[in-house]
1. In this structure, is R82 among the basic types (K, R) and touching a strand residue (DSSP E or B) at 6+ places or on another chain (Cβ under 6 Å)?
2. Which pairs turn up if I take residues in the range 149-164 that are surrounded by fewer than 17 Cβ atoms within 10 Å (Cβ to Cβ) and look for partners that are modelled with pLDDT of 95 or more with beta carbon separation below 6 Å, at least 6 apart in sequence or on another chain?
3. Among the numbered conditions (1) closer than 15 Å to R112 by Cα; (2) within 16 Å of the chain's Cα centre (by Cα), tell me where R186 comes up short.
4. I'd like to know if the range 53-72 contains one or more residues that are touching a residue at least 60 places away in the same chain (Cβ under 8 Å), over 27 Å from F228 (Cβ atoms) and hydrophobic (A, V, I, L, M, F, W, C).
5. Give just the number: which of (1) part of a loop (DSSP other than H, G, I, E, B); (2) touching a strand residue (DSSP E or B) at 6+ places or on another chain (Cβ under 9 Å); (3) among the β-branched types (V, I, T) does T4 not satisfy?
6. So, in the range 175-214, exactly how many residues are in a strand (DSSP E or B) and surrounded by 22 or more Cβ atoms within 10 Å (Cβ to Cβ)?
Amino acid sequence: MAFTKQRAGAPTGFFQAEAAGLRWLAEPGVIPVVRVLGVADDRLELERLEPAPSSPEAARTFGAQLARLHSSGAPGFGWAPRSPAYFGPLSQPFEVPAAPRESFGEFWAEDRLRPLLERARGQLGARGAATVEEAVDLIAEGAYNGIAGGPAEEPARVHGDLWSGNVMWTADGAVLIDPAAHGGHRLEDLAMLAMFGAAHLNEIFAGYESEHPMPSGWRDDIPAHQLFGLLAHVHLFGSMYTPDTVSAAEEVLRGR
């Protein structure tokens, strides 16, 4: 039985981009991804998943699978499996660039953060916007190209919108849904999971590190990778997310 996502008048290529992202994430065969059954301009047909409770064991397994997905790599930072690419909910998606950049900092700052900063400037207020802009400038300079000040990371194959609602727990474990898949930094997905508190988050992180050990202090980098998701929430849902966004920007500035 299929599950159908449908929206009349969806932006051009919106459902095709999601289908391409799901197939690209499934390609390495290292993590369960919801299966695409069909796609059209106004709909996406997916296999129907039966939800089940999560568990610490399933979370640890998911973390290890996610690390393997990231390590399978991508053609470049910001590359997406289809153009145009989109981010955001079905009701309010917005287009994002899909071409690769030379470095993570360039991609994150110029193709993700600055465009949203301009859209959200009014909700951030003058002082908040100035703080965020300073953080974006630091990211653009490459301060967060690595992890905890280490060497620059290679492009990872990332889900790109991995808040807890886009992990479907089933009797067989976690399944990825609703991606904004692209080549990015491996901390993007981990930061998004942490942003609103995924179930068994510490077990997910432990599973991840069992597959891909992380340097000491890596969690201090999380705010730099949450800044896009937070700015998106300011843009889409309003100034209630401004304090968290400005706080994250301040942590970015303190972290380097």
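1. On the way: among the basic types (K, R): yes; touching a strand residue (DSSP E or B) at 6+ places or on another chain (Cβ under 6 Å): no.
Here the answer is no, as R82 does not meet what is asked.
2. Every condition considered, the pairs that remain are G150/P215; A152/N145; A152/G146.
3. Among (1) closer than 15 Å to R112 by Cα; (2) within 16 Å of the chain's Cα centre (by Cα), R186 violates only (1).
4. Taking every residue of the range 53-72 in turn, at least one turns out to be touching a residue at least 60 places away in the same chain (Cβ under 8 Å), over 27 Å from F228 (Cβ atoms) and hydrophobic (A, V, I, L, M, F, W, C).
5. Status for T4: all satisfied but (1).
6. 4
The values are calculated or read from the model by the stated rules, or taken from the named source; none is laboratory data. Just so it is clear, the structure is predicted and the values come from calculations on it, not from any experiment. Here Cβ is always computed from backbone atoms with ideal geometry, including for glycine, and neighbour counts include all displayed protein chains.
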